[in-house]
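All remarks here apply to the structure that follows.
We did not get these values from a lab; they are worked out from the coordinates using the rules stated. Everything quoted here is computed from the prediction, not taken from an experiment. For neighbour counting, all protein chains shown are included, and Cβ atoms are generated from backbone atoms with ideal geometry for every residue, glycine included.
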Amino acid sequence: MYSIPAALAKDAWHNPFELRIKNRHKRNPLYRVARRGLRLRKQSHTSTAGLPRPGGQGGFSLRVLLVKPRNTTAHFGLAPFFRTEPLGLEYIASALAAEGHQVRIVDMCFERRSMAHFIRSFRPQLVGISCLHILDVAGTLAHAAEIKAADASVFVAAGGHSIASYPQAVEGARNIDAICAGEGESIMPALCRALAARQPLHEVPSLLLPAGDGRFLPTGAVQPWLEMEHVLPPDRAAVERYRKHYVCLNYMPLWTMETTRGCRHRCKFCSVWQFYRGTCRFHAAQHVRADFAAIGRNVFIIDDLFWADQAHSEELAGELLAHAERKNWILVQSRVDLVSKNADLLRRWRPLAKNFDIFFGFESPTRQGLNSLHKGSDISKTLDAVRVARECGFGVTGNFIVDPDFTEEDFHTLWDFVETHRLFRLGFTILTPLPGTQFFASIQDKIEVFDWSQYDLHHLLWKPRLPVQHFFELYCETWRRTVLNSAGRKKWWQWLPQVDLRHIGHLARILARSQQLMNPHAYMAEYRVPDGPEPVRQP
Ligand code: B12
Ligand code: SF4
């Protein structure tokens with residue numbers, strides 16, 4: 001059994017207001033309900049505005065700091081040109097504010113001030129760190145240590161896709177008090193109630209708590225998935241001061257939004273369906289419309305499966321079209337099999353933005369390749385989708401997966417495919433087993449690198465079939481066939497009409513930086529698979 005951490009037991013409530021909370025919680029009706037083991041009901045809503053008094057209405061308002069960790073892996077690849085807002089934290093901020101908590105979000109990717117500064121100035125009782133990518137583990141651990149060094153009584157919770165999928169990544173961490181495995185809009189308010197009410201944390205569903213031996217063990221019960229119509233719109237204001245930094249290649253400033261959560265497909269390399277356990281849920285159309293109206297002109301809709309449900313998409317398009325504003329740019333991510341059969345739906349969406357791009361996971365140019373990745377689609381659908389998207393006036397972008405097992409012939413097949421179908425706005429990633437996936441578990445014995453900073457899909461985690469240097473030469477040659485090659489089919493000046501004059505410097509940096517993707521030496525310098533003889537494998 002897990003009880004309140006020592007840090008919270010005595011000195012946590014170190015100012016007089018908080019001492020009042022400590023005693024007041026017993027008069028709080030929610031506390032009594034909790035004691036009877038009944039399900040807690042929602043506290044009456046109060047705005048965070050004008051809430052200077054810790055304790056707030058109802059006596060259990062906490063100060064909660066939500067942190068997007070700094071990116072420690074941005075030195076390689078195009079990461080600096082894809083910087084988006086911490087949308088998950090904005091949803092959590094709305095849910096917490098609705099329960100009367102005082103919430104602040106800091107995006108440490110763009111903060112000059114230290115974590116200690118925020119701990120001293122805001123004096124949070126609870127800090128929630130978002131560990132979305134496994135790449136964020138180092139930043140998460142570093143911030144947790146900084147928080148505890150500044151004030152050991154602060155409760156540190158870490159949540160988000162990666163850490164929830166693979167809590168083992170932080171095994172042994174002494175500065176994390178709980179891992180939240182699920183949707184923060186329900187888990188964080190429940191954690192706040194428990195902390196304020198000094199309720200034993202093992203009664204809070206979907207937490208993992210330190211077992212004392214370095215492991216984090218689940219509390220047992222699991223929070224059910226949220227009903228999306230009850231999810232409040234994200235708190236955009238909480239990150240507005242960082243807005244100018246948010247960017248997607250040449251589109252800036254950028255807003256992200258969500259209309260759908262989860263995916264029903266089962267691609268081998270993907271962690272989304274495993275996190276959401278194969279579910280796919282939709283935000284209420286009127287909420288999406290309000291959010292769409294509230295955000296700016298460049299929008300990345302981060303849904304993993306846009307147009308997942310035809311009826312819902314029709315309804316949503318109707319809602320958005322009824323709103324006058326059109327965006328400058330929209331990017332969505334979808335599947336070829338959905339797009340190939342939904343030309344009418346695509347035509348309905350197209351007027352919503354001046355420029356509208358679709359990002360596809362093409363994954364492989366061959367049927368065998370798609371099958372081995374459990375893509376559940378086929379090449380004819382890839383070609384149909386490209387045709388339909390182009391005919392409907394969408395920009396086509398996408399990604400292919402390069403398997404470390406590729407032979408030279410596999411690279412040639414890929415090059416021929418992209419050339420034949422004139423697919424040049426592409427990315428290429430190296431097949432990477434994401435921690436927490438069945439694929440990762442099944443291939444553990446083969447993986448030789450467990451340094452999470454190498455899990456950006458641009459590093460080799462075991463020796464490839466081809467000699468390493470040659471593999472990277474061919475991988476780089478693959479990148480050279482894209483529009484990012486400034487010596488290739490699209491010259492740098494041909495980008496200019498697409499870019500706001502103020503952003504030319506930024507574009508120049510993208511092009512300069514992306515040339516690294518075409519340089520085998522850059523990859524070799526990053527290569528960490530331990531030395532040893534090159535594997536001899538039959539082609
Ligand atoms: C947007 C996005 C990005 C953005 C960055 C987003 C950001 N703010 O940092 C960009 C485009 C830059 C990006 C880049 C990459 N991404 Co990405 N990305 C996503 C995507 C599509 C959506 C994330 C999102 O905003 N979801 C919406 C919000 C509402 O959900 P959420 O963040 O999960 O938050 C909820 C919960 O997780 C939880 N929660 C979150 N934080 C916290 C904190 C606490 C304390 C608590 C209690 C709860 C909690 O509550 C939230 C609300 O319900 C996901 C797919 C997915 N569905 O997760 C992939 C995903 C996270 N990305 C992935 C990958 C692989 C990458 C890249 C490596 C790909 C590449 N090579 O280009 C790079 C790495 C970037 C880098 N160097 O750090 C993988 C992650 C794999 C992994 N385990 O590491 C995912 C899962 C995609 C996939 N198909 O597998 N990505
Ligand atoms: S369709 Fe996309 S989101 Fe869904 S499982 Fe496949 S890769 Fe993941």
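For the reader, a short list of remarks on this structure follows.
- The range 400-478: GluC sites (Glu not before Pro) falling in loop per DSSP and having at most 16 other Cβ within 10 Å: E448
- 3J(HN,Hα) along the range 340-348, derived from phi through the Karplus expression 6.51 cos²θ - 1.76 cosθ + 1.60 where θ = phi - 60°, amounts to 4, 10, 10, 4, 5, 5, 4, 4, 5 Hz, with x in place of Gly and Pro.
- Phi angles of the range 398-409 translate, via the Karplus equation with coefficients 6.51, -1.76, 1.60 and θ = phi - 60°, into HN-Hα couplings of x, 9, 10, 9, 9, 7, x, 7, 4, 9, 4, 4 Hz per residue; Gly and Pro are given as x.
- Amide H contacts under 5 Å for M108, placed H, 5+ residues apart: K68, R70
- Other residues within the sphere of radius under 14 Å centred on the Cβ of C263, judged by their own Cβ, net out at +3 (K and R +1, D and E -1).
- Amide N proximity, the range 214-236 versus A290 label position 7 Å along Cα-to-Cβ, cut-off under 15 Å: 228-236
- Packing-based exposure ordering (other Cβ within 10 Å, fewest first) of M188, M518: M518, M188
- Gain in span if fully extended, A79 to H503, counting 0.36 nm per residue against the direct Cα distance: 150.9 nm
- Rounded to whole Hz, the Karplus (6.51, -1.76, 1.60) HN-Hα couplings of the range 132-137, x for glycine and proline: 6, 9, 4, 5, 7, 4
- Sparse-neighbourhood loop sites, trypsin sites (Lys or Arg not before Pro) in the range 170-253 - DSSP loop, at most 14 other Cβ within 10 angstrom: R174, R215
- Each of E90, E325 has some number of other Cβ atoms within 10 Å of its Cβ, and from fewest to most they run E325, E90.
- Near H283, the amide H atoms lying under 5 Å from its own belong to T260, R261; only residues 5 or more places off or on other chains count, and H is placed 1.01 Å from N.
- Short to long, the 10 Å bins of the Cα pair-distance histogram for the range 153-297 hold 10, 31, 35, 22, 3 percent of all pairs.
- Here's how it looks for G182: its modeled amide H is under 5 Å from those of G160, which are all 5 or more places away or on a different chain.
- Exposure proxy ranking, count of Cβ atoms within 10 Å, fewest first, for S334, S61: S334, S61
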